[in-house]
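One structure is given here, and the rest of the page talks about it.
The values are calculated or read from the model by the stated rules, or taken from the named source; none is laboratory data. The model shown is predicted, which means the values in this text are computed figures rather than measured ones. Here Cβ is always computed from backbone atoms with ideal geometry, including for glycine, and neighbour counts include all displayed protein chains. Ligands, DNA and RNA are stripped out before the accessible areas are found, and what is left, the full protein with its side chains, is counted by its heavy atoms. Shrake-Rupley method; radii C 1.70, N 1.55, O 1.52, S 1.80 Å.
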Amino acid sequence: MEAKRVAVVVSHPAHLLTVAGMLLRWRPHILMVNRAVAGGGVNQEDVIRSVFEPLRLDERITSFGISESESFKRTLAGDFAFHASTGVQIFDWLLSVRPHIVLGDAYEAYNFHHDLTRMLLDGAINCYRSFRGEIENYEFPLSCRVNQPGAEVQYGVFPFGEFHELHLNARETVLKRRLIAEAGRIDSFVAGVAPLFPATSVETYREVPADRDYTLPPAGLALYYDERGREVVEAGLYPKAITFRKHFVPLVRALETPARETVAA
């Protein structure tokens, strides 16, 4: 990938720490889509920018700063146009950076905004291909739970299937650890989550299938939406839970037809 233009798209700023080795090696264009206005993710963008600034990676970052609360509100109201406009923004950003390769959050049925960003990114990539030709599309793991009784949430791994591995060299490993440690020193949320992820010397990613059906949960993974929905409601972040079948699937169906028509045209 060293000879190609690479782009990385994440729903939340802290996700960049999980692939810091990729950022260090490939120095991609970076897009952060969402911004938390409540809970542990508040001010996360500032934290990430500050730790990346000494390495001049902050210069590669674009942020849409889309409010997660507004996104939830529009989803509960069935306002699909709001999210369709985000897909258009992602497409326009791809046109501006013209990458050969794009990596983003994996589809894991764990977090609504992770999956929403993944789905919108795929739609934008499909449209981009109709204008600019072929582009490679990959995803990296964040959090998931295998669909088995008693299974625990796993972080930063693909529990099954084929995937690629990026093995960091000694310098990249040390720098990545420093970035995570510094971000954790500033942000308590990062400090709490970082130990849940595996060793920092290997980063995994896999190709996104072109025919993926986002109205179905990922094969072999549990639907974590309802549980997480209860958690955010109990925490007082949102008045009502987002669920996979009642909210994510209708959103997918509302957005997939226009995207396909655009590609076909």
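Pull up the stretch 200-234, narrow it to residues that are in contact with an Asp or Glu (Cβ under 9 Å, 6 or more places away or on another chain) and small (Gly, Ala, Ser), then point me to the one that is least open to solvent (accessible area, probe 1.4 Å).
Per the criteria, the residue is SER201.
Take residues that are open to solvent by 20 Å² or more (accessible area, probe 1.4 Å) and either out of contact with any strand residue (DSSP E or B) (no Cβ under 7 Å at 6 or more places or on another chain) or at positive phi (or both) and tell me which of the helices (runs of 4 or more DSSP H) falling wholly in the stretch 37-123 contain 3 or more.
68-76, 80-97
Determine whether the stretch 181-199 contains at least one residue that is hydroxyl-bearing (Ser, Thr, Tyr), surrounded by 12 or more Cβ atoms within 10 Å (Cβ to Cβ) and under 23 Å from GLN44 (Cβ atoms).
Looking through the stretch 181-199, none of the residues is hydroxyl-bearing (Ser, Thr, Tyr), surrounded by 12 or more Cβ atoms within 10 Å (Cβ to Cβ) and under 23 Å from GLN44 (Cβ atoms).
Among the residues of the stretch 27-34, are any at positive phi, at pLDDT 95 or above and part of a loop (DSSP other than H, G, I, E, B)?
Yes, that holds for at least one residue.
Which of (1) under 19 Å from the mean Cα position of the chain (by Cα); (2) part of a loop (DSSP other than H, G, I, E, B) is the odd one out, the single condition PRO239 does not satisfy?
Failed condition: (1).
Name the residue that is nearest to ALA14 (Cα to Cα), counting only residues in the stretch 134-150 that are part of a loop (DSSP other than H, G, I, E, B) and open to solvent by 30 Å² or more (accessible area, probe 1.4 Å).
Filtering first and then ranking leaves ASN147.
Identify, from the list GLU182, GLU203, GLU231, the residue that is among the acidic types (Asp, Glu), modelled with pLDDT of 95 or more and out of contact with any Leu (no Cβ under 7 Å at 6 or more places or on another chain).
Sole residue among the options that is among the acidic types (Asp, Glu), modelled with pLDDT of 95 or more and out of contact with any Leu (no Cβ under 7 Å at 6 or more places or on another chain): GLU182.
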